[in-house]
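Participant: Sharing a structure, written as structure tokens. Questions coming.
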Amino acid sequence: TMLSRSRHCFYYVPALPEYLAGEKGVRDFTLHDLSWYERNAIDLRLGVEVTAVDPVAKSVVARGGESWSYDRLLLATGGRANIPPIKGIDADGVMTLRTIDDADRILERIAPARRVVVVGGGLLGLEAGNGLRRRGLAVSVIEVADRLLPRQTDPAASALLQQQLERMGFSFHLGVRIREIVRWKNGLAVVTEEGESIRSEMVLLVSAGVRPETGLARDMGLDIGLGVKVDD
């Protein structure tokens with residue numbers, strides 16, 4: 001039995017920028033459909049959020065109250081988007097991109113939006129920004145490093161990449177840190193530590209990484225990082 005909080009079968013997360021761009025549908029990056037799980041004797045339960053584990057009774061409980069007993073339990077809870085402690089980070093219009101549901105919420109806001117600020121000039125940030133650019137939004141990228149992709153490229157290659165992206169319509173704010181995000185008329189303004197104010201209707205956070213989902217493990221008295229297999 002496999003319990004998943006997601007409404008979707010397992011999918012390839014790095015394809016989400018292409019989904020944002022409208023270049024791929026969910027089926028295009030779903031690894032297996034429901035029939036595959038049935039053929040392999042896996043009872044897949046989607047949309048089930050497990051909220052508690054009782055290791056003594058060997059049972060798990062979902063938010064709706066339903067419970068399942070087990071002989072062996074594998075915690076494979078993955079991670080969630082890491083939200084940095086920036087003032088105003090909880091403002092309406094500040095989004096993350098980690099799941100299909102995240103992408104759908106972003107797409108719902110595209111129609112009234114003309115500009116988006118992408119926080120993070122890494123691979124995912126640039127790909128997500130390009131997906132939104134293809135949807136017609138003006139994309140500004142904020143990056144704390146003084147150039148793009150510092151881990152993947154040397155300065156010369158980074159400069160070439162930036163020039164190419166600027167020709168495509170991107171604008172960049174490099175070597176800056178965010179002080180706060182504030183409401184501005186019908187949108188948002190990202191204020192940097194250097195005093196610059198970058199206005200948009202949406203802010204996309206993609207640079208802060210992910211944090212492991214360890215709540216269930218703590219319920220069982222386990223001190224873990226990413227996951228643990230529990231047997232007996």
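Participant: To the nearest 20 debye, what charge dipole does the chain have about its Cα centre, counting +1 at the Cβ of each Lys and Arg and -1 at the Cβ of each Asp and Glu? Numbers along the way, then the final one.
Facilitator: On the way: 30 positive and 31 negative charges, 131 e Å.
Result for the chain is approximately 620 debye, rounded to the nearest 20.
Participant: Using a 1.4 angstrom probe on heavy atoms only, work out the carbon and sulfur share of the accessible area of the range 93-151 in %.
Facilitator: Values: 1150 of 2580 Å².
After summing per-atom areas, the C and S share lands at 44 percent.
Participant: Then there is this: Quick query: amide H of Met95 versus all other amide H atoms, modeled in the peptide plane; which residues come in under 5 Å with a sequence gap of 5 or more or a different chain?
Facilitator: The answer is Val203, Leu204, Leu205.
Participant: Could I ask something else about it? Looking at the range 135-202 only, what percent of DSSP beta bridges run antiparallel? Nearest 5 please. Don't skip to the end; give the middle numbers.
Facilitator: On the way: 10 of 14 bridges.
About 70 percent, rounded to the nearest 5.
Participant: Can you tell which of His173, Pro85, Tyr11 lies farthest toward the positive end of the dipole of the chain, using +1 and -1 charges on the Cβ of basic and acidic side chains (Lys, Arg; Asp, Glu)?
Facilitator: The Cα lying farthest towards the positive end belongs to His173.
Participant: Still on this model: Would you mind calculating the gained length between Arg183 and Arg109 on full extension (0.36 nm times residue separation, minus the Cα-Cα distance), in nm to one decimal? Write down the numbers at each step before the final one.
Facilitator: Values: separation 74, 0.36 × 74 = 26.64 nm, distance 1.60 nm.
Length gained, Arg183 through Arg109: 25.0 nm.
Participant: Here are labelled values, (1) 29, 18, 16; (2) 37, 20, 17; (3) 26, 21, 19, and one is the computed semi-axes √(5λ) of the Cα gyration tensor in Å for what I pasted. Which one?
Facilitator: It is the one labelled (2).
Participant: Can you give the local net charge around Leu174? Use residues other than it whose beta-carbon is closer than 13 angstrom to its beta-carbon, Lys and Arg +1, Asp and Glu -1. Intermediate values should be presented prior to the final figure.
Facilitator: On the way: positive: Arg147, Arg177; negative: Glu143, Asp146, Glu166, Glu194, Glu196.
Net of charged neighbours comes to -3.
Participant: Follow-up. Between Gly79 and residues 5 or more places away or on another chain, which pairs have amide H atoms under 5 Å apart, with H built 1.01 Å from N, and which residues are they?
Facilitator: Answer set, sorted by chain and number: Glu213.
Participant: What's the ranking of 107-118, 185-196 by average number of surrounding C-beta atoms within 10 Å, highest first?
Facilitator: Numbers: 107-118: 17.2, 185-196: 14.9.
Highest mean packing first, the order is 107-118, 185-196.
Participant: Residues with amide H under 5 Å of Phe172's amide H, sequence separation 5 or more or different chain, H placed in the peptide plane at 1.01 Å from N; which?
Facilitator: Excluding prolines and chain starts, which carry no amide H, the hits are Val141.
Participant: Treat each spin label as a single point 7 Å out from the Cα along the C-beta direction, and report the Asp28 to His8 distance in nm.
Facilitator: Each label point is offset 7 Å from its Cα along the Cβ direction, giving 1.2 nm.
Participant: On to the next question. Using the beta-carbon distance between Glu194 and Asn82 and R0 = 30 Å, what value does 1/(1 + (r/R0)^6) give for FRET efficiency, to the nearest 0.05? Walk me through the intermediate numbers first.
Facilitator: Details: r = 24 Å, r/R0 = 0.79.
My answer for the efficiency is 0.80.
Participant: Which three semi-axes in whole Å describe the equivalent ellipsoid of the range 159-200, each the square root of 5 times a Cα gyration tensor eigenvalue, listed largest first? Walk me through the numbers on the way to the answer.
Facilitator: Working: eigenvalues 113, 38, 5 Å².
Semi-axes from the Cα gyration tensor: 24, 14, 5 Å.
The values are calculated or read from the model by the stated rules, or taken from the named source; none is laboratory data. Everything quoted here is computed from the prediction, not taken from an experiment. Cβ: placed from backbone, ideal geometry, glycine included. Neighbour counts: every protein chain shown. The accessibility values were calculated without ligands, DNA or RNA, using every heavy atom of the protein model including side chains. Shrake-Rupley method; radii C 1.70, N 1.55, O 1.52, S 1.80 Å.
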